[in-house]
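Here's the structure, in structure tokens; my notes come after.
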Amino acid sequence: MNLNYKTRTKKNSNLRTLSLVLVVSFLGQEISMAAPQIAPQTVALPQPVMRFSLPQSVAIVEDAYKAASSPVPASDKLIVLIQDAHTNDSGQMNLARALDEILPKENIRTVFTEAADGDVSVGFFKPHFSQKVREEVGRKLVRQGILKGSEYYNLVGKSDFEIWGVEDKAL
């Protein structure tokens, strides 16, 4: 009976240790997604003038480029690439806040997104539901990982824009 107790205690101890390692790993992942490291700018290329600025608590602009001279004349279009932490609800809400700063100031009317194909805009719900209902339902869907930050902002934000998925549906 005593040997059986020691074996169970050892198994429980191993299970507790493994559980602790997993919890610490997941916690570290969440922290790393929520607080990106701030690295000094090392690119020597001229940076385009952006009409927006983001609070450091929302996002960090690491690189920004305008089209370079090529056979096609240089464009004045600015492309903004936002890397987001998928299904991290605080990261998705920061993405929505970043879009709130960027879209109106840069006069952007189309947002391209991964993990989707074709027009995935949800702004058509705006006339049918109150702002409060859209915010409550939208936050719940972001927390569940169903909506991304761009879709949330399309649903509740003041800017009108389209969201286009750029994934190949066949893949």
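The values are calculated or read from the model by the stated rules, or taken from the named source; none is laboratory data. All figures in this text were calculated on a predicted structure; none of them were measured in a lab. So basically every Cβ, Gly included, is an ideal-geometry build from the backbone, and we count neighbours across all protein chains shown. These accessible areas exclude ligands, DNA and RNA; they are computed on the full protein's heavy atoms, side chains included. Shrake-Rupley method; radii C 1.70, N 1.55, O 1.52, S 1.80 Å.
Values for this structure:
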item	result
Region 63-89: number of residues that are at pLDDT 75 or above and acidic (Asp, Glu)	2
Residue selected from region 161-171 under the condition at pLDDT below 95 and charged (D, E, K, R), by the criterion surrounded by the most Cβ atoms within 10 Å (Cβ to Cβ)	GLU167
Residue selected from region 83-109 under the condition of a type in the set (D, E, K, R) and not in a helix (DSSP H, G or I), by the criterion nearest to SER57 (Cα to Cα)	ASP84
Positions within region 143-152 being open to solvent by 10 Å² or more (accessible area, probe 1.4 Å) and in contact (Cβ under 8 Å) with a residue 24 or more places away in the chain, in sequence order	ARG143, GLY145, LEU147, LYS148, GLU151, TYR152
ILE31, sole failed condition from (1) at pLDDT 75 or above; (2) surrounded by 10 or more Cβ atoms within 10 Å (Cβ to Cβ)	(2)
Filtered residues of region 101-142 (kept if among the polar types (S, T, N, Q) and crowded, with 17+ Cβ neighbours inside 10 Å)	THR113, SER121
Qualifying residue in region 45-54 (condition: modelled with pLDDT of 90 or more and not in a helix (DSSP H, G or I))	no
Hey, THR9 more than 26 Å from GLY91 (Cβ to Cβ), at pLDDT below 85, among the hydroxyl-bearing types (Ser, Thr, Tyr) and in a helix (DSSP H, G or I) or not	yes
Failed item, numbered, when SER121 is tested on (1) among the small types (Gly, Ala, Ser); (2) in contact with a strand residue (DSSP E or B) (Cβ under 9 Å, 6 or more places away or on another chain); (3) within 29 Å of PHE26 (Cβ to Cβ); (4) at pLDDT 95 or above	(3)
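Residue-wise test of (1) within 19 Å of the chain's Cα centre (by Cα); (2) assigned to a helix (DSSP H, G or I).
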residue	(1), (2)
LYS126	no, yes
LYS132	no, yes
GLU135	yes, yes
GLY145	yes, no
LYS169	no, no
